[in-house]
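Please treat every number below as a calculation from the coordinates, not as lab data. Predicted model, so just to flag it, every value in this text is computed and none were measured. Cβ: placed from backbone, ideal geometry, glycine included. Neighbour counts: every protein chain shown.
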Amino acid sequence: MRPKLVVGNWKMNGSREANAALLTGILAGLEGSAAACAVCVPSPYLFQCEQLLQGSKLAWGAQDVSTQPGGAFTGEVAASMLLDFHCRYVIVGHSERRAYHGESNALVARKAQAALDAGLTPIVCVGETLGEREAGETNAVVGAQLDAVLELLGKDAIAKIVVAYEPVWAIGTGKTATPAMAQEVHAQLRTQLRACNAVAAESIAILYGGSMKPDNAADLMAQADIDGGLIGGAALKAEDFLAIIRAAS
Ligand code: 13P
């Protein structure tokens, strides 16, 4: 069985004071949980995470990364900078980046490559909109999103990625894919990973994201190909985030 992984995506939320309370609360309740866990925070707070979390079971990471190693790219953050704060993970291709910043499948693939080159684990997000699902295009859309990454990274490197399936219509809406709906897409993603690297595909974590909460986490994570969660809203409350980590443990 693959180990479970629970990652909080804080999105553009937080303050030094609120983060300290949240992280302290999470750390206080982590004892005894078996699942691996992490928080992906706004970049200005990476130093705070490093200070508070080093030596703990809670890893940390960022929510985006530049394709470039450095130089004249105003506003961008390089993978080496994330590593400087001992990040383990970086989310790439979140649907909010794709929708509001026009990130293409090809760009997301290059971000995943930049993360891997620096020694970070990219959490590669894929997911369809409601319109795409209703048009029967789910498999084609998420398939193309993942394919772009697999093609650029190649067979050997894909062992080092995490994939997250986040149906856009389920993000922040309180609507969750049923466990069966999610499993169907996760199984397809696993098949696609197998076609690229059959051995690696068995150990790559495929997380579900989209209104995962304490009351639905266990059912979702009981599915054969759901290896954990990428959590938005519920990651901002220590009790809820801990309950999801416990459901995974
Ligand atoms: P919610 O859990 O708030 O739906 O957000 C999911 C998400 O986008 C995680 O990356």
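A count restricted to segment 36-62 and to residues that are in contact (Cβ under 8 Å) with a residue 40 or more places away in the chain and more than 20 Å from ILE244 (Cα to Cα) stands at 1.
Against the condition surrounded by 15 or more Cβ atoms within 10 Å (Cβ to Cβ), touching a helix residue (DSSP H, G or I) at 6+ places or on another chain (Cβ under 9 Å) and over 15 Å from LEU220 (Cβ atoms), how does ARG133 come out, does it pass? Yes. Which of the numbered conditions does GLN54 fail, given that it passes all the others? Conditions: (1) surrounded by 13 or more Cβ atoms within 10 Å (Cβ to Cβ); (2) away from the ligand (no atom under 16 Å from the Cβ). Every condition holds for GLN54 apart from (1). If the condition is being in contact with a Lys or Arg (Cβ under 9 Å, 6 or more places away or on another chain) and surrounded by 11 or more Cβ atoms within 10 Å (Cβ to Cβ), then segment 14-35 contributes LEU22, GLY25, LEU27, GLY29, LEU30, SER33, ALA34, ALA35. Residues in segment 44-83 that are more than 30 Å from ALA28 (Cβ to Cβ), of a type outside the set (Gly, Ala, Ser) and within 17 Å of the chain's Cα centre (by Cα): VAL65 alone.
Filter segment 97-130 down to residues that are among the polar types (S, T, N, Q) and surrounded by fewer than 18 Cβ atoms within 10 Å (Cβ to Cβ) and give me whichever is farthest from the ligand (Cβ to nearest atom). Full working, then the answer.
Here is the first cut: in segment 97-130, the ones among the polar types (S, T, N, Q) are 104-105, 113, 121, 129.
Those still in the list that are surrounded by fewer than 18 Cβ atoms within 10 Å (Cβ to Cβ) too: 104, 129.
On the way: SER104: 19, THR129: 13 Å.
Applying the filter and picking the extreme gives SER104.
When segment 211-249 is filtered for residues that are within 13 Å of VAL6 (Cα to Cα), in contact with a helix residue (DSSP H, G or I) (Cβ under 8 Å, 6 or more places away or on another chain), assigned to a loop (DSSP other than H, G, I, E, B) and within 10 Å of the ligand (Cβ to nearest atom), the ones remaining, listed by number, are MET212, LYS213. A search for C-beta distances below 6 Å between a residue of segment 238-249 that is in contact (Cβ under 8 Å) with a residue 12 or more places away in the chain and crowded, with 23+ Cβ neighbours inside 10 Å and any residue that is hydroxyl-bearing (Ser, Thr, Tyr) and not in a helix (DSSP H, G or I), counting only pairs 6+ apart in sequence or on different chains, returns ILE245/SER33. Applying a threshold of 6 Å to beta carbon distances and a minimum spacing of six or more residues, or different chains, the list of pairs starting in segment 129-156 at a residue that is free of Cβ contacts under 8 Å to residues at least 24 places away in the same chain and ending at one that is part of a loop (DSSP other than H, G, I, E, B) and surrounded by 15 or more Cβ atoms within 10 Å (Cβ to Cβ) reads VAL141/GLU128.
Scanning segment 194-210 for residues that are touching a residue at least 60 places away in the same chain (Cβ under 8 Å), outside any loop (DSSP other than H, G, I, E, B) and of a type outside the set (A, V, I, L, M) returns a single hit, GLY209.
Scanning segment 151-201 for residues that are among the acidic types (Asp, Glu) and away from the ligand (no atom under 15 Å from the Cβ), which turns out surrounded by the most Cβ atoms within 10 Å (Cβ to Cβ)? Steps first, answer last, please.
Here is the first cut: in segment 151-201, the residues among the acidic types (Asp, Glu) are 151, 156, 166, 184.
Those still in the list that are away from the ligand (no atom under 15 Å from the Cβ) too: 151, 156, 184.
Numbers: GLU151: 12, ASP156: 10, GLU184: 15.
For segment 151-201, the residue satisfying everything is GLU184.
Taken over segment 108-124, residues that are assigned to a strand (DSSP E or B) and in contact with a Phe, Trp or Tyr (Cβ under 8 Å, 6 or more places away or on another chain) amount to 3. Among the residues making up segment 125-144, those that are part of a loop (DSSP other than H, G, I, E, B) and more than 22 Å from LYS11 (Cβ to Cβ) are ALA135, GLY136, GLU137. Comparison of GLU96, GLU166, GLU103 shows that the only residue that is without any contact (Cβ under 8 Å) to a residue 12 or more places away in the chain and acidic (Asp, Glu) is GLU103. In a residue-by-residue description of segment 66-81, the property of being surrounded by 20 or more Cβ atoms within 10 Å (Cβ to Cβ) and in contact with a strand residue (DSSP E or B) (Cβ under 6 Å, 6 or more places away or on another chain) applies to no position.
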